[in-house]
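The structure appears right after this line, and notes come after that.
The values are calculated or read from the model by the stated rules, or taken from the named source; none is laboratory data. Nothing here was measured: the structure is a model prediction, and the numbers come from that model. Using ideal geometry, Cβ is built from the backbone for each residue, glycine included, and neighbour counts are taken over all protein chains shown. Only protein heavy atoms, including side chains, enter the accessible area calculation; ligands, DNA and RNA are left aside. Shrake-Rupley method; radii C 1.70, N 1.55, O 1.52, S 1.80 Å.
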Amino acid sequence: MSDKNISPFAHVFIKLMQGPVYEEDKTYWKDLLGWQTELSKYLQQTGLQLIVSEADGFARIVQPDTDETMDKPLPRLMRKTRLTYEATLLCIVLREALDEFDINGNGTRLFLTQREIKERLALFFKDRHNRSKLLKDLNKPINSLLNIGVLRVTREDAANKELHQYEVKRIIKALVNNDKLEEIKSKLKLHVHSV
């Protein structure tokens, strides 16, 4: 295949299909901003939408819900995954930690150790048995959020897992916007009161 047949923004399109593109990935970010209009038009033709948040430094592709009354409804390209209760709770804790971090103006990237994450999660569990079980199995919800790109490992400590450090990616603001945050928090309150 010759380069003449390949779109000049194909590399950015393929990178977006692999997952979010972040501002720190300078080459892709610069090209994404340069080809943003063309990329958006192309994606709209395929039933997808380009979301760019320059303020938070990320871009991603989303697939809006399709109209089931269409003659040929589009199949889902990106599957929606349900998070476990623990992973959902961790999302809420991290989203609120990012909001606090932004309010305090401590920089642009939030880093938390596994110990700091445990301390924040422990506040939600009054019952010692439930708290110790969650904190013991904390790797499961962390791995879930690593897989969907909400967390990124920035430092591993082989001697002490509690010192593993994670970056909370700003895409969490798109995945858990303010309305969704309040909705999940009210569901969690119902769950906590029923237990």
Residues with amide H under 5 Å from that of Lys169, placed H, sequence gap 5 or more: Leu151, Arg152
For Cα pairs less than 8 Å apart in space and 6+ apart in sequence, what is the mean separation divided by the residue count of the chain, i.e. the relative contact order in percent? 18 percent
Inter-part gap, Cα centre of region 69-92 to Cα centre of region 1-62, in whole angstrom, is 22 Å
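Ranked from highest to lowest mean number of other Cβ atoms within 10 Å per residue, what is the order of the peptides 167-174, 151-158?
The peptides rank, most packed first, as 167-174, 151-158.
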How far is it, in nm, from the label point at Ala55 to the one at Asn147 when both lie 7 Å from their Cα along the line to the Cβ? 3.2 nm
What's the FRET efficiency of Glu116 with Glu38 using the Cβ-Cβ distance as r and R₀ = 45 Å, to the nearest 0.05? 0.60
Looking at (1) 63, 43, 32; (2) 62, 37, 30; (3) 70, 49, 30, which value of Cα extents along the principal axes in Å comes from a calculation on the structure shown? (1)
Determine the share of region 1-123's accessible area contributed by carbon and sulfur atoms, expressed in whole percent, with a 1.4 angstrom probe. 50 percent
Work from the charge dipole of the chain (Cβ charges, +1 for Lys and Arg, -1 for Asp and Glu, about the Cα centre) and give the residue of Pro20, Ser144, Ile172 farthest towards its positive end. Ser144
Give the accessible surface of region 1-72 per residue, rounded to a whole number of Å², with probe radius 1.4 Å and ligands, DNA and RNA excluded. 68 Å²
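Label region 45-98 by shape, choosing from rounded, prolate and oblate, from the square roots a ≥ b ≥ c of the eigenvalues of the Cα gyration tensor; if a/c is under 1.5 it is rounded, and otherwise prolate applies when a/b is larger than b/c, oblate when it is not.
The shape class here is oblate.
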Sorting check: for 9-17, 81-89, which peptide has the highest mean count of neighbouring beta carbons within 10 Å, and how do the rest follow? 9-17, 81-89
